[in-house]
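This report refers to the structure that appears directly beneath it.
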Amino acid sequence: MGKRREPRKPIEVPVRIFGTDSAGKIFSENVTTTEASQNGAKLRGVRAHVKLDEIIGVTCGKNKVHFRVKWIGEPGSLKEGEVGLLNLSPEKPFWDFPLPPAVMDNFNFAGRDRRRSARVQCSISVELHPVGQQVIWGKASDLSLGGCFVEMPMPLPVNTQFEIALWLGETKLRLQGEVVSASPGFGMGVRFTSLSPENLEFLRRHLQSIK
């Protein structure tokens, strides 16, 4: 599965996962960890068909955090039902057991990261303007040249198209967006569409400034 520097703790703890599967259907399952760290976890017993880079919710006791799927066990192999996750909010308390001290995690799960552009964690106010609906306010918690993740308790359905306005410093950048994934209780992944060269360059400069 690759090399890693961050120590992971082998531990079996019941957790609940929820989100939308590869067919766009909502799922909620009780599964078990096999190892955990400050920045990630490995689960077993996952029945839902999730996609790489999908964002899912995980609850441990009363704590709830969203993770990104970074590795999936090959169907039909001994690792079927296993999933590797990356914690998108490692600064928040989540696990109710002690872990080894966190270090820079350069662990690469087997398989290639399929995002075309790197995402940067952020906290940016956004406005969503779906056709025929009132303006919806949200917060982008990560951002890339290709899209963002908008935190909101009731995400819009997958494939919904809308105008999205991002407050980048003193500038309100208006773009066209489309929902590509939805995680009830957490938010939705948004893909930017029809980016003009000017908006693309402005977005690139902003990402460089907040990295």
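When you look at L173, is it outside any loop (DSSP other than H, G, I, E, B) and in contact with a helix residue (DSSP H, G or I) (Cβ under 8 Å, 6 or more places away or on another chain), yes or no? Taking the combined requirement at face value, the residue satisfies it. Filtering region 53-68 to residues that are surrounded by 18 or more Cβ atoms within 10 Å (Cβ to Cβ) and not β-branched (V, I, T) leaves E54, G57, C60, H66, F67, R68.
The set of residues in region 146-164 being more than 19 Å from H66 (Cβ to Cβ) and either crowded, with 17+ Cβ neighbours inside 10 Å or at pLDDT below 90 (or both) consists of T160, F162, I164. Kindly provide the set of residues from region 12-46 that are outside any strand (DSSP E or B) and either without any contact (Cβ under 8 Å) to a residue 60 or more places away in the chain or within 20 Å of L99 (Cα to Cα) (or both), ordered by number. E12, V13, D21, S22, A23, K25, S37, Q38, N39, G45, V46, listed by residue number.
Okay, residues lined up against (1) modelled with pLDDT of 90 or more; (2) of a type in the set (A, V, I, L, M, F, W, C); (3) over 22 Å from E151 (Cβ atoms); (4) out of contact with any Asp or Glu (no Cβ under 8 Å at 6 or more places or on another chain):
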position: R16; (1), (2), (3), (4): yes, no, no, no
position: I26; (1), (2), (3), (4): no, yes, no, yes
position: E35; (1), (2), (3), (4): yes, no, yes, yes
position: H49; (1), (2), (3), (4): yes, no, yes, no
position: K62; (1), (2), (3), (4): no, no, no, yes
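Answer with yes or no whether L78 is out of contact with any strand residue (DSSP E or B) (no Cβ under 8 Å at 6 or more places or on another chain) and either of a type in the set (A, V, I, L, M) or within 21 Å of V180 (Cβ to Cβ) (or both). The answer is yes for L78. Number of residues in region 72-94 that are under 18 Å from the mean Cα position of the chain (by Cα) and either at pLDDT below 90 or not assigned by TED's automatic domain parsing to the domain that holds A41 (or both) equals 9.
The values are calculated or read from the model by the stated rules, or taken from the named source; none is laboratory data. The structure displayed is predicted, hence computed values, not measured ones. Cβ atoms come from the backbone with ideal geometry, glycine included; neighbour counts cover every protein chain shown.
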